Amino acid sequence: MWYMVGAVACIIIALKIKQKKPKQKNFYQAALIVTVSFLFAAILFQIDQDARHEIKIQRKEAGQGKEETDYLVNAEGMLEKYPLKIQIEEKKLTEEQRKEYFEKAKKELDVVILGENSSKEYITKSLYLPETLQDGAVEVEYSFSDYEIFNLEGELRNIPSLPVLVEITAELTCQEDTCLYSFFVQAVPEEKTQKQLFVDKLLEKLSKENKKEGTNFFELPKEVDGTSIVWEKQIENRSIIAVFLGIVGAAGILLKEKEEKKKKESKKQQQMLLDYPEIISQLSLLLGAGMNITLAWEKIAVTYQKKREKQEIEKRYAYEEMLVVLYEVQSGVGELQAFENFGERCQLSVYRKLSSLIVQNVRKGARGMQYLLEEEEREAFEQRKVRAKKAGEEAGTKLLLPMGIMLVIVLVILVVPAGLAISV
């Protein structure tokens, strides 16, 4: 058997992999899986072979229906693998077995036909009419003596005002035999609770009030059979909606304030980045003129302050922070600390770098400060060009939507008249 040969070959390969390549567990496991699949295939093949030549075939139980099976017929000298479809009928019952099935079916029908009802003498809801009984062995057809009460499906058509007896005849069929089974059910009016009776009387009073003539008002009854009534009109609770809207509004205001603060901070940072190359350029120029870094800083800040007092320029946050450095030094804060505070307050990497360069110059008297500032100036202007290019691209992207809308409008203006002219 080829499946067994395959299984043996795979197990040999798996053992060799485990011995020579113990680290390759995945190959070993794969070989084992293939081995198991070959063994399973061999078992299935043997089972199918046994079933293929089986002469005795198990019939289905009564009620399960017939079965069709395909065969290949080999007859010596006559047929060779001749295809033939055979229908195998379900198990045939004896007369005694069929009678036994009828009796069991009657008992089963007495129970299941009630559906949601409590007994045959008290039917207030629809009946349940199964098409088969005893697991399909017995088929059933129904008929009623009064179709005004029940329809063919066993549903209540009219609820009677008084109890009514209805005869049901069930025609039971089990293979070739037929049996009639008749019984009675009593359809009765559904009993109303005290609550339902009270509602009926209330509705009756309301109907009488509606039929009054010559009245401008509809008066709701205050009592029914001595039971006082308090009417309460159902009105939507708008107070909850008002509270909800208030909460949403408050949240919106808080979010708006937060968003405005965020936008303001972003605008401030953009302005400071824009001013950074100019500040570096002025510091480099003044250092080249012979000033030290502290005097150059003071010169730039004081010049800005005078222009602000004359309202020649708008508020520039970077220069305002430079003025804060002067105020701190004047109030007794050391120069090093004041310049370090400047870098922290600005919260931008370029200003922290500038603060670090100045602190290093003041602390160690490092030479080449002007050269470092010139290098920083060139880099700052390059960054400024990049930001300007990016801003231009963003502006172009924002214009795409309005341009698209304008294109659609133009197309409509051109196409619609043409379409109308063609239709004319």
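The values are calculated or read from the model by the stated rules, or taken from the named source; none is laboratory data. The structure displayed is predicted, hence computed values, not measured ones. Reconstructed Cβ throughout: ideal geometry from the backbone, glycine too, with neighbour counts over all protein chains shown.
Say whether the condition of being at positive phi and in contact with a Phe, Trp or Tyr (Cβ under 7 Å, 6 or more places away or on another chain) is met by at least one residue in segment 119-135.
yes
Keeping to segment 154-190, report how many residues are under 19 Å from residue 118 (Cα atoms) and either in contact (Cβ under 8 Å) with a residue 60 or more places away in the chain or assigned to a strand (DSSP E or B) (or both).
Going through segment 154-190 one residue at a time, the tally reaches 14.
If only one of 284, 266 is free of Cβ contacts under 8 Å to residues at least 24 places away in the same chain and hydroxyl-bearing (Ser, Thr, Tyr), which one is it?
266
Out of all the residues in segment 203-216, is one or more hydrophobic (A, V, I, L, M, F, W, C), more than 30 Å from residue 96 (Cα to Cα), out of contact with any helix residue (DSSP H, G or I) (no Cβ under 6 Å at 6 or more places or on another chain) and assigned to a strand (DSSP E or B)?
No, segment 203-216 contains no residue that is hydrophobic (A, V, I, L, M, F, W, C), more than 30 Å from residue 96 (Cα to Cα), out of contact with any helix residue (DSSP H, G or I) (no Cβ under 6 Å at 6 or more places or on another chain) and assigned to a strand (DSSP E or B).
For segment 191-201, check the following and say yes or no: at least one residue is among the aliphatic types (A, V, I, L, M) and surrounded by 14 or more Cβ atoms within 10 Å (Cβ to Cβ).
No, segment 191-201 contains no residue that is among the aliphatic types (A, V, I, L, M) and surrounded by 14 or more Cβ atoms within 10 Å (Cβ to Cβ).
Residues that are under 30 Å from residue 224 (Cα atoms) and at pLDDT 85 or above: does segment 164-176 have at least one?
no
Can you confirm whether residue 316 is modelled with pLDDT of 80 or more, within 27 Å of residue 359 (Cα to Cα) and basic (Lys, Arg)?
yes
May I ask you to say which residue of 366, 380 is surrounded by 12 or more Cβ atoms within 10 Å (Cβ to Cβ) and either under 48 Å from the mean Cα position of the chain (by Cα) or modelled with pLDDT under 75 (or both)?
Result: 380 is the single residue among 366, 380 that is surrounded by 12 or more Cβ atoms within 10 Å (Cβ to Cβ) and either under 48 Å from the mean Cα position of the chain (by Cα) or modelled with pLDDT under 75 (or both).
Would you say residue 171 is in contact with an Asp or Glu (Cβ under 7 Å, 6 or more places away or on another chain), assigned by TED's automatic domain parsing to the domain that holds residue 99 and of a type outside the set (S, T, N, Q)?
Answer is yes for this residue.
Out of (1) aliphatic (A, V, I, L, M); (2) assigned to a loop (DSSP other than H, G, I, E, B); (3) closer than 19 Å to residue 286 by Cβ, the odd one out for residue 333 is which?
Result: residue 333 passes all but (3).
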